[in-house]
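The values are calculated or read from the model by the stated rules, or taken from the named source; none is laboratory data. All of these numbers come straight from a predicted model, not from anything done at the bench. Cβ sites come from the backbone with ideal geometry, for glycine too, and all protein chains shown count toward neighbours. The accessibility values were calculated without ligands, DNA or RNA, using every heavy atom of the protein model including side chains. Shrake-Rupley method; radii C 1.70, N 1.55, O 1.52, S 1.80 Å.
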Amino acid sequence: VVSLATGVPKVLIAGFQNGEIDAIAGKAFGQIYGSVLQRSDPGDMNSPLLINDSKGDPGYGMPILSTSNAAIGDINPKWNGSAINTITYKGISLSAQLDIREGGKIWDGTRGAMSYFGTSAESANRNQPVTFKGVAGHMDANGNVVHYGPDGTTEISKPGPENTVATTYSQYYWQNIGSSFVGPAELSVEDGSYVRFRQISLGYELPKNLIQRAHFTNVSITVFENNPFLWTKYKGVDPETSLAGPANGQGLDYFNNPGTKSYGIRLNIGLK
């Protein structure tokens, strides 16, 4: 995206306020945009997480939700590839199509909502102990990163030392921080890479001497299966799913219908 109208930071393509696909000037078309966790350096998404050091706060020892949203993923893959091959031997043919996508992000809002309501597999760790990686601190009244000194009340500029506070994956965590349903959309962005067999078929063509008397030029029968195998690290139903359909707003998974497999038999007959 080269530029947008003056005063327009982004253009909504599809999605929700906390998980949307946008056009943003200076970035590739199709950015996942939403809420993020607070970093120790608010301008650097690669800086350590800021871990809440406010004792008495229900989120003490947990990451902090930022008040600013950001681009958190690019839906465009690095590359797509496909290979189609047919092997034939004495009238028997075996065909297969293999599709590959490397890269491209997906916002798995389905997982985020299920985690909020405690029905996802990842939220089964409730009440298990955890010490979140990051540095101690919080945001002061002016929106600056600070941390509490040894007395627990004096605010000192900039983030503090590495976090050592032990907490748990509590209900508060899953309903406020750990799920994108109300928490950061960032946590539901996943890699959409995959390797998929698009179709596999096995066919047989009858010998000519068996069909000549019936005035056929050829007779073949083929059994096939569509989408028989999928390999992906994506945790949702299918890395090719799209809430917005085959439009520009790819990369959104929010209780979409899962992909399907189909089976069939095909009969081809040639007449003289």
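Observations on the structure shown:
- MRE, 222 nm, helices only [DSSP H, n ≥ 4, -39500 (n - 2.57), over the chain, to nearest 500]: -1500 deg cm²/dmol
- Span per principal axis, largest first, for the Cα atoms of the chain (Å): 99, 49, 26
- Distance between the modelled labels on I87 and L206, one decimal in nanometres: 2.7 nm (7 Å Cα→Cβ projection).
- Counted residue by residue at 0.36 nm each, then reduced by the alpha carbon distance between them, the extension gain from V130 to H215 reaches 23.0 nm.
- Both numbers refer to the Cα atoms of segment 68-118; Rg and Dmax are 19.8, 65 Å.
- Peptide ranges 55-66, 199-210 listed from the most packed, as the mean C-beta count within 10 angstrom indicates: 55-66, 199-210
- Centre-to-centre separation between the Cα atoms of segment 116-131 and those of segment 197-261: 37 Å.
- Mean projected area of the convex hull spanned by the Cα atoms of segment 155-251, taken over all viewing directions: 13.5 nm².
- Largest first, the three principal axis extents of the alpha carbons in segment 102-159 are 42, 32, 22 Å in whole numbers.
- Solvent exposure of the chain amounts to 57 Å² per residue of accessible area, where only protein heavy atoms count and the probe is 1.4 Å.
- Cα gyration tensor category, rounded, prolate or oblate, for segment 1-143 with a/c compared to 1.5: oblate
- For G91, neighbours were defined as the other residues whose beta-carbon sits under 13 Å from its Cβ, and their charges (Lys and Arg +1, Asp and Glu -1) total +1.
- Computed lengthening from L98 to D151, 0.36 nm per intervening residue step minus Cα-Cα distance: 12.9 nm
- Extreme residue, positive dipole direction of the chain, given options P239, T131, Y254 (C-beta unit charges): P239
- Ranked by the mean number of other Cβ atoms within 10 Å of their residues, highest first, the peptides 77-88, 20-31 come out as 20-31, 77-88.
- Segment 97-116 residues near the modelled W231 label - backbone nitrogen below 17 Å, point 7 Å along Cα→Cβ: 97-103
- Amide proton proximity set for L65, modelled H, under 5 Å, gap of 5+: Q38
- Calculated SAXS-style log₁₀ I(q)/I(0) at q = 0.27 Å⁻¹ - segment 8-86, Debye, Cα scatterers: -1.22
- Built from the Cα atoms of segment 69-171, the convex hull projects on average onto 12.6 nm², one quarter of its surface area.
- The chain - percent of accessible surface contributed by carbon and sulfur, probe 1.4 Å: 55
- Nonlocal Lys pairs with alpha-carbon distance under 13 Å, the chain (8 or more apart, or different chains): 6
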